[in-house]
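The values are calculated or read from the model by the stated rules, or taken from the named source; none is laboratory data. It should be emphasised that the depicted structure is a prediction, and the values quoted were computed from it without experimental measurement. Positions of Cβ are generated from backbone atoms using ideal geometry, with glycine treated the same way; all protein chains shown enter the neighbour counts.
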């Protein structure tokens, strides 16, 4: 560890190199969040529908969603990413996004389902007693309340996604952690390099956590 | 996935057994150390000393907001620079323990804070010290809240042993990756390793759900969580 090992990181070409890695990290995270949010919400609602409905079709869909969720959220994400890389002909960037999305969608689906399960039974009974069909009750009564509860923990999961982008380096994608590995190999300053990079991740994630907390308190204050 | 592919996989079953062993050993050791770290730092988070609570926040926030892989690289490449040379598996256990410890600390802190404040005050009024009050009054009640999310952290820990594969720790993910690229048989290797992981994580997840149903939920009398 030395002072020079730290200052060398702030040379313009090294800063540019790290900035480039950071943009790749953010690109992977944004793509993964978009895909896994959309598919996770659908999967979570499907599993919840299977839990709450007596209809055979919905139960079958719910069972399918359960199988998907329980399989993929209990596997290591890197394994899914490597498998996606070898099984598909996607370029590495998109193989990483695909592998991360397959995993994260299962995690978000469980967050969504937990939020919906927290809606009291009485809401269903009240809606149905007003003559609403199952679909109407879901659409107008359950989902608007449930999905609002789901927002804070979902933002928390986005922080995990930002951290998890580091596994893309395992597929040879030069994101932030990978850029750090290349830089320290040149200057032999792993402690300084990984400390600076840790700080970059920290600032990114801590501001997201801060945003999530203020969102949570705003949502908690608002009633219908 | 032909019969021949499965035959060559079973001919090399030993490399997968070694991977499974490394994954299990790393997870078990890291669980032990993470629990110790988590209980210690979790208690600091509820201690009546402001400095202790600050230490808790710094540990938890610094670790939770940076990638586990980055921390593993930090130790893997950084420790030899300060003349500490450890076997790869030990580096993995150190990183996994420190990382999981931060999550366990949050679980412990949250569990203790879910016990009504009056319980602690009642214990103090009976002349208990902080440590005694924790040991005999608060912790036994907090355990009910702590254990379900704690088992959930065990599942995450097993999955997180995947970092070993990126520091050449020869865990299950690493074996799937290397064996399949050496033999150009991807399907069978990934399928087998996925089933091995599920054989560990699914029962743990089931235990977590069962515990949540049996002992989870808020404490009835005087809950203020």
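Data overview
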| item | result |
| --- | --- |
| Check on residue B:189, facing another protein chain (nearest Cβ under 10 Å), in contact with a helix residue (DSSP H, G or I) (Cβ under 7 Å, 6 or more places away or on another chain) and under 17 Å from residue A:69 (Cα atoms) | no |
| Residue list for region A:170-207, restricted to those being touching a helix residue (DSSP H, G or I) at 6+ places or on another chain (Cβ under 7 Å) and more than 12 Å from every other protein chain (Cβ to nearest Cβ) | A:173, A:174 |
| Residue list for region B:125-137, restricted to those being at negative phi, without any contact (Cβ under 8 Å) to a residue 40 or more places away in the chain and out of contact with any helix residue (DSSP H, G or I) (no Cβ under 6 Å at 6 or more places or on another chain) | B:125, B:126, B:128, B:129, B:131, B:132, B:135, B:136 |
| Considering residues of region A:60-91 that are exposed (fewer than 15 other Cβ atoms within 10 Å of the Cβ) and more than 10 Å from chain B (Cβ to nearest Cβ) only, the residue farthest from the chain's Cα centre (by Cα) | A:60 |
| All positions within region B:1-31 that are in contact with a helix residue (DSSP H, G or I) (Cβ under 8 Å, 6 or more places away or on another chain) and under 16 Å from residue B:97 (Cβ atoms) | B:22, B:23, B:24, B:25, B:26, B:27, B:29, B:30, B:31 |
| Only one of A:114, A:137, A:83, A:105 that is closer than 15 Å to residue A:42 by Cα and modelled with pLDDT under 95 | A:114 |
| Filter pass, residue B:69 being under 26 Å from residue A:168 (Cβ atoms), under 24 Å from the mean Cα position of the chain (by Cα), within 14 Å of chain A (Cβ to nearest Cβ) and crowded, with 22+ Cβ neighbours inside 10 Å | yes |
| Residue that is surrounded by the most Cβ atoms within 10 Å (Cβ to Cβ) [pool: residues in region B:164-175 that are facing chain A (nearest Cβ under 8 Å) and within 14 Å of residue A:169 (Cα to Cα)] | B:165 |
| From the options A:119, A:182, A:173, residue that is over 18 Å from residue A:32 (Cβ atoms), assigned to a loop (DSSP other than H, G, I, E, B) and in contact (Cβ under 8 Å) with a residue 24 or more places away in the chain | A:119 |
| Residue count for region B:45-76, restricted to those that are in a helix (DSSP H, G or I) and within 28 Å of residue A:158 (Cα to Cα) | 21 |
| Residue within region A:208-217 that is away from chain B (no Cβ under 14 Å) and surrounded by fewer than 12 Cβ atoms within 10 Å (Cβ to Cβ) present | yes |
| Those residues of region A:196-212 which are touching a residue at least 12 places away in the same chain (Cβ under 8 Å) and farther than 27 Å from residue A:94 by Cβ, in sequence order | A:196, A:209, A:211, A:212 |
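For (1) surrounded by fewer than 18 Cβ atoms within 10 Å (Cβ to Cβ); (2) at the interface with another protein chain (Cβ under 10 Å from one of its Cβ atoms); (3) within 23 Å of residue B:33 (Cα to Cα), each residue gets a yes or a no:
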site: B:128; (1), (2), (3): yes, no, no
site: B:140; (1), (2), (3): yes, no, yes
site: B:149; (1), (2), (3): no, no, yes
site: B:152; (1), (2), (3): no, no, yes
site: B:155; (1), (2), (3): no, yes, yes
site: B:162; (1), (2), (3): no, yes, yes
site: B:177; (1), (2), (3): no, yes, no
site: B:193; (1), (2), (3): no, yes, no
